[in-house]
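The values are calculated or read from the model by the stated rules, or taken from the named source; none is laboratory data. Only a predicted model underlies this, so the values are computations on that prediction, with no experimental measurement involved. Using ideal geometry, Cβ is built from the backbone for each residue, glycine included, and neighbour counts are taken over all protein chains shown. Ligands, DNA and RNA are stripped out before the accessible areas are found, and what is left, the full protein with its side chains, is counted by its heavy atoms. Shrake-Rupley method; radii C 1.70, N 1.55, O 1.52, S 1.80 Å.
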Amino acid sequence: MNKPVVAIVDDDPRVLASLVELLESGGYGTRSFLSGEALLASGLEGVDVLITDIGMPGADGFELRDLARQTNPQLPIFLITGRHEIADQQRARGIDGFLRKPFDGHTLLAAVRKALDDRQC
Amino acid sequence: MSKFAGTSGVESGSSRYPDIDAVQAAKVVERITGNAWSTDAAGNFIYVTPAARGFFGISLESLNSQPDKLGWRQVIHPEDYDAAAVEWRRCLQTGEHYNVEHRMLRASGIYGWARNTGQPIHDGDGAIAGWYGTVIVADYGTSTEAPDMSKRTEAALRVRERQLQQLIDTVPALIWSTTANGTPTYVNKSFAEVTGATLEYMTAPDQSPSLGVVHPEDRAAAREAFLHSVKAGVPYIQRYRQQRAGGNYRWTETRAEPLRDESGTIVKWYGVSSDIHDLITTQEALRESEQHLQQLVETLPALIYCALPDGKPIYRSQRLRQYLGFNLEETDGLGKSRLDGTLDTVIHPDDLAMVKVRYAHSLATGEPYLLRHRLRRFDGVYRWVETRASAMRNGDGEIVQWNGICLDIEDQVHAQEELSRAQENLARSSQAASLAELSASIAHEINQPLSAVMNYSSACQRWLNAEPPNIDRAQKTLDRIVHSANSAADVISRIRALFKQSTDKRDSAELGAVVRQARDLLAEEAGRRRIATVIEGESGLRLVPFDRVQIQQVLVNLMRNGMDAMASVSSERVLHIRACRAGDMVRVEVSDRGRGVQFPDKIFEPFFTTKDQGMGMGLAICRSIVESHGGRLWAEKNEPHGAKFVFTLPLDVAKMP
């Protein structure tokens, strides 16, 4: 069985690289993008999970989520942010897979695992 | 009697020598009657008996006085003179006897009837050599007095009185007379016409003055005064309303004086009434206006006072008296002037010195006085008032009085304080907002590397826990943890650097160049905001080596603050930068024409800001920079308005000329 592929979007290359490292240590294949536009250009073909930062220039995490859902309604999506006030916003409430930086890496990996398992059921 | 012959060759007659026979004839007559005279042929008097001269009060010279054309005329009654003169002229020409009866003025001042007779004396040729004659006094007081002469004297007196009355009637004044005991005897024509009252109307049935033209309300007082004057013989003066023919009344002043005879006995009272209505009504209007003003001042909802040119209080309005709880004299006798006594009592101790200085200044210069201070109320409570006083001057420009007004501004002051507090709170909350913004910004900056650290840590654990452990990846991941952790530390360092001065980039640039450079940095912004930037001051100011970038940062910050302050000002958008030497320091001023500094004590505190956008760090950093250079930074008021930020920096004295 091929490794599940996780697409990661973050405009901060340091954070992006650390997420790639984390997901790879969890046994996933990764595709990393510095912007939402870059992900959309590449397409969601073969992507099993999407992890995206919220605050980014250009298309932000919320827009990216909505666009991805149009293509693949079942796609598990995780939103992460370093700005807590964004996490408190109305539109962020009630969403599963919402993480505030900094978060525990193991928690993210467990959540990704669970989402993939739920989808396979 | 030259005048009588004035038209008939007097000149030749006057040049002839006196005829001794005429004089002798006169002296004969003198022995008989006492009153005798003689003239030359032309009628010039050459002799008048001493008795006649004394009786008529004349001299020979005055009888012959040509220059004033008087002669006999001065002693003959004017009404009788013409007839006597015609007769005398005729006699001089014809030589007929002269025999005329006329009234003559006596030395006593009274006219009396007299018979004047004369006849010529002829010389050997039969020509008239002179005249001699006698004057027989009709009412001489002897048995020789003729009864018809006495009657004529009385008649003449009546004529005289009538003439006087005519004179009196034509005078435009209300004239009247009474007997010695006050019975009206006469009112002149003006009196009757103006008042519409006759003598009968003015006379009461008991012969006392009726005072019928006096206003009923004034009549009793006038009667009492007049009767008192009559009784005591003192002049009468009374003001009352006097009736007019039309029925209305006008204010009148009546004066009466007694006429006394030679023995001093009052024989008559003469009175005159003058219309003083306009004067009185003007005075009344003035009094009313004065009263009105007084009431106005007393009832104005303000505390009003007046003082002498030296400041001594002389008047306090009712409200001020009530406010203070005392009037003028209460503070006298405290061993000081009334002004000092008052000020010491009513001015708040904290305001007293300023009030005294400013008041003394106004008194000395005449400049208006304006000050806000606390004023003690009667119950001991101090309230804020605004006192204004200005000098009242006379026509010569000299100060005659100071007029002042205190307005209670307690509520206003409270409102102002309230407003300031609200603004301060507002400033604080925007400061808090900025602080929140800053923390969020700092948090994000730190969160990024921290997230990376945590992600790498989890990954590292996984690589080590894998079967078999991936030591290689774990090692690489650990390197990245260290790297990311360092990034976080860098963020902290950068923030710290914001507040910390570096001391390793100092140079000795000329200050003027630094100022100009700062101006140039802001030139575009200043132009866009239509603000003129003016630089003045000394050139060649050398500082102790300084951090040029930081000092420029201070200048730019202060200049931009000044521009912000003038954003809402419509005129005079001028930013002044001035640098000059002050002892061992250089003093740099940045002045704007904005609204001024509202919280001069707080603006240098970190995170204090009055701007919508801003962290409130600018001035705090500026002060920190200036102080690290051994200088000081503070704010002053700019004149006439606006703010002035001043900082000092140490001069390199060794390099200064």
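So which residues in region B:253-293 are of a type in the set (A, V, I, L, M) and part of a loop (DSSP other than H, G, I, E, B)? Spell out the reasoning first.
Here is the first cut: in region B:253-293, the residues of a type in the set (A, V, I, L, M) are B:256, B:259, B:266-267, B:272, B:276, B:279-280, B:285-286, B:293.
Of everything in region B:253-293, just one residue is of a type in the set (A, V, I, L, M) and part of a loop (DSSP other than H, G, I, E, B), namely B:Ile276.
Considering region B:307-322, the residues that are part of a helix (DSSP H, G or I) and touching a helix residue (DSSP H, G or I) at 6+ places or on another chain (Cβ under 9 Å) include one that is surrounded by the fewest Cβ atoms within 10 Å (Cβ to Cβ), namely B:Gln318.
A quick yes/no check of all residues on (1) away from every other protein chain (no Cβ under 14 Å); (2) modelled with pLDDT under 75; (3) farther than 30 Å from A:Arg14 by Cβ; (4) crowded, with 21+ Cβ neighbours inside 10 Å:
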{"residue": "B:Val413", "(1), (2), (3), (4)": "yes, no, yes, no"}
{"residue": "B:Glu424", "(1), (2), (3), (4)": "yes, yes, yes, no"}
{"residue": "B:Ser429", "(1), (2), (3), (4)": "yes, yes, yes, no"}
{"residue": "B:Leu438", "(1), (2), (3), (4)": "no, yes, no, no"}
{"residue": "B:Glu445", "(1), (2), (3), (4)": "no, no, no, no"}
{"residue": "B:Ala452", "(1), (2), (3), (4)": "no, no, no, yes"}
{"residue": "B:Cys460", "(1), (2), (3), (4)": "no, no, no, yes"}
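Screening B:Ala127 with (1) surrounded by 14 or more Cβ atoms within 10 Å (Cβ to Cβ); (2) at pLDDT 85 or above gives one miss only, at (1). Within region B:221-252, the set of residues being open to solvent by 30 Å² or more (accessible area, probe 1.4 Å) and either in a strand (DSSP E or B) or acidic (Asp, Glu) (or both) comprises B:Glu224, B:Ile237, B:Gln238, B:Arg239, B:Arg241, B:Gln243, B:Tyr249, B:Arg250, B:Trp251. Of all residues in region B:168-193, those that are open to solvent by less than 50 Å² (accessible area, probe 1.4 Å) have Cβ atoms under 6 Å from Cβ atoms of residues that are among the acidic types (Asp, Glu), 6 or more apart or on another chain, in B:Asn188/B:Asp169.
Please enumerate the residues belonging to region B:518-557 that are part of a strand (DSSP E or B) and surrounded by fewer than 19 Cβ atoms within 10 Å (Cβ to Cβ). Before the answer, list the steps.
From region B:518-557, those part of a strand (DSSP E or B) are B:532-537, B:542-543, B:546-547; that's our starting set.
Answer for region B:518-557, where residues must be part of a strand (DSSP E or B) and surrounded by fewer than 19 Cβ atoms within 10 Å (Cβ to Cβ): B:Ala532, B:Val534, B:Ile535, B:Glu536, B:Gly537, B:Arg542.
Pairing residues of region B:566-591 that are at positive phi with residues that are open to solvent by less than 50 Å² (accessible area, probe 1.4 Å), at Cβ distances under 8 Å and at least 6 apart in sequence or on separate chains, gives B:Glu572/B:Arg593. State whether one or more residues within region A:20-34 are modelled with pLDDT under 90 and not aliphatic (A, V, I, L, M). Checking region A:20-34: not a single residue is modelled with pLDDT under 90 and not aliphatic (A, V, I, L, M).
Filter region B:462-477 down to the residues that are in a loop (DSSP other than H, G, I, E, B) and open to solvent by 80 Å² or more (accessible area, probe 1.4 Å), then identify the one that is nearest to the other protein chains (Cβ to nearest Cβ).
Initially, region B:462-477 is screened for residues in a loop (DSSP other than H, G, I, E, B), giving B:466-470.
From what's left, open to solvent by 80 Å² or more (accessible area, probe 1.4 Å): B:467-468.
Details: B:Glu467: 12, B:Pro468: 14 Å.
In this case the residue turns out to be B:Glu467.
Filtered by the rule that a residue be in a strand (DSSP E or B), loosely packed, with under 15 Cβ neighbours inside 10 Å and of a type in the set (Asp, Glu), region B:91-124 gives no residues.
Of all residues in region A:56-71, those satisfying the criterion of being within 14 Å of the chain's Cα centre (by Cα) and open to solvent by 40 Å² or more (accessible area, probe 1.4 Å) are A:Glu63, A:Asp66, A:Leu67, A:Arg69. Could we say that A:Leu34 is within 12 Å of chain B (Cβ to nearest Cβ) and open to solvent by 10 Å² or more (accessible area, probe 1.4 Å) here? In short, no.
Give me the pairs: first residue in region B:62-86 and closer than 14 Å to B:Tyr98 by Cβ, second residue open to solvent by less than 80 Å² (accessible area, probe 1.4 Å) and modelled with pLDDT under 80, beta-carbon distance under 6 Å, and six or more apart or on different chains, which are they? Taking only residues 6 or more apart or on different chains, the pairs are B:Trp72/B:Met1; B:Ala85/B:Phe4.
Condition check for B:Ile304 on (1) assigned to a loop (DSSP other than H, G, I, E, B); (2) in contact (Cβ under 8 Å) with a residue 40 or more places away in the chain: one failure, at (1). Within region A:69-92, take every residue that is within 12 Å of another protein chain (Cβ to nearest Cβ) and assigned to a strand (DSSP E or B) and give me the one that is modelled with the highest pLDDT. In this case the residue turns out to be A:Ile80. Out of everything in region B:168-183 that is assigned to a strand (DSSP E or B) and under 19 Å from B:Glu253 (Cβ atoms), what residue ends up being farthest from the chain's Cα centre (by Cα)? Among residues in region B:168-183 that are assigned to a strand (DSSP E or B) and under 19 Å from B:Glu253 (Cβ atoms), the one farthest from the chain's Cα centre (by Cα) is B:Thr178. If we keep just the residues of region A:12-31 that are surrounded by fewer than 17 Cβ atoms within 10 Å (Cβ to Cβ) and within 12 Å of chain B (Cβ to nearest Cβ), which is farthest from B:Pro468 (Cα to Cα)? In this case the residue turns out to be A:Pro13.
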